[in-house]
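Enquirer: Sharing a structure with you now.
Every read-out reported here was derived from the displayed coordinates using simple, explicitly stated rules and does not represent laboratory data. Not measured: the values here are computed from a predicted model. Every residue, glycine as well, gets a Cβ built from its backbone with ideal geometry; the counts of neighbours run over all protein chains shown.
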Amino acid sequence: MSKGLYKMKAAMRFSLFAALLCVLTSCEDFLNVSNEYSTHQCYYIIDFSFGHTASPLYAALGGTNTFCMISEESTGGSAYKLRAWMHGTAAHEETISEEYLTRPTRQLGLNDGLIIGKSSFQNGDLYVFDRQCPNCYNEYHRMNYALNFTDALNVKCSNCQRVYSLLSSGAIASGGSGEKLFRYHATYNGQRLTIANPK
C-alpha cells in the first residue's frame, strides 16, 4: 500500500470517528436536557400584580440562592390559603381568591408542595422542585415523603435520610445514590409566576 493511500484511509477513519463523536455528544446533550425536567403533572399560576406578595415566595423569586417552600389549602368556597416559608422562618399565609389564580384546577406537584428559588451556581436560573422525595416515591409509589429544610440551601427526607442540594440542580448531597429532585418547567416575568409541566 502506498504512503499516499495509507494517509488517505487514516484521514477518512479519523473523520468518521470525529463525526460519530459529534453525533454521540449531541445525543447526550439532548438527553441531558430532556432528563432535566420531570414528566409529572404540575400546574400553578399566581399574578403578584394583584397585590398578593406571599413574602417568602416573592423574595425567592427576586433574589439568588434563596429558596422557599409553598403549599396550598382550600378555605372553602372559591378562596385558597397559600403558605410560603423559608428555612428558620414561620410560614407566611395569604388567602387568595380563585379569580387571581387564573384556573380552578391546580396541582402543586405530587404532594401539594413545591420548592422555588434561583441558584447563582446555575446562572441564576429559576428552579421549581417537587417537595416530594423522588427516591422514596420511585421505591414505594406513595406520596407522603415530604422534604424539609436542613438549612437555607439543602432539604432532607426523614424517611431515606437523603439530603438534596438546591444549589446543584437538586442533586443528592449525602445519604446515598439515587435520583435528583423532580424539577418542573416555570417562568417568572417579575409579576407573574407560571409553572406548567409538562411544557
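Enquirer: Per residue of segment 144-154, in order, report the coupling 6.51 cos²θ - 1.76 cosθ + 1.60 (Karplus, θ = phi - 60°) as ³J(HN,Hα) in whole Hz, putting x for Gly and Pro.
Expert: Per residue, the Karplus-derived 3J(HN,Hα) values read 10, 10, 6, 8, 9, 5, 9, 7, 5, 10, 9 Hz.
Enquirer: Under a Cβ-Cβ cut-off of 14 Å, what is the net charge of the residues other than N159 that fall near it, where Lys and Arg count +1 and Asp and Glu count -1?
Expert: With Lys, Arg at +1 and Asp, Glu at -1, the neighbours total +3.
Enquirer: OK, next. Could you check the simple spin-label distance between S158 and R142, using points 7 Å along Cα→Cβ, in nm with one decimal?
Expert: Once both label points are built, they end up 1.4 nm from each other.
Enquirer: Let me ask you something else. Determine the sum of side-chain charges near Q122: Lys and Arg each +1, Asp and Glu each -1, restricted to other residues whose C-beta is under 15 angstrom from that of Q122.
Expert: +1
Enquirer: Out of residues 5 or more away from G113 or on other chains, whose amide H comes under 5 Å of its own, with H placed 1.01 Å from N in the peptide plane?
Expert: R131
Enquirer: Here's something else I'd like to know. Cβ under 9 Å from G175's Cβ, G175 left aside: what net charge do those residues give with Lys, Arg +1 and Asp, Glu -1?
Expert: After counting each charged neighbour, the total is +2.
Enquirer: Please list 182-188, 143-149 highest first by mean number of surrounding beta-carbon atoms within 10 Å per residue.
Expert: So the peptides 182-188, 143-149, ranked by packing, come out 182-188, 143-149.
Enquirer: Okay, moving on. What area, in nm² and to one decimal, does the C-alpha convex hull of segment 75-199 cast on average over all directions?
Expert: 8.6
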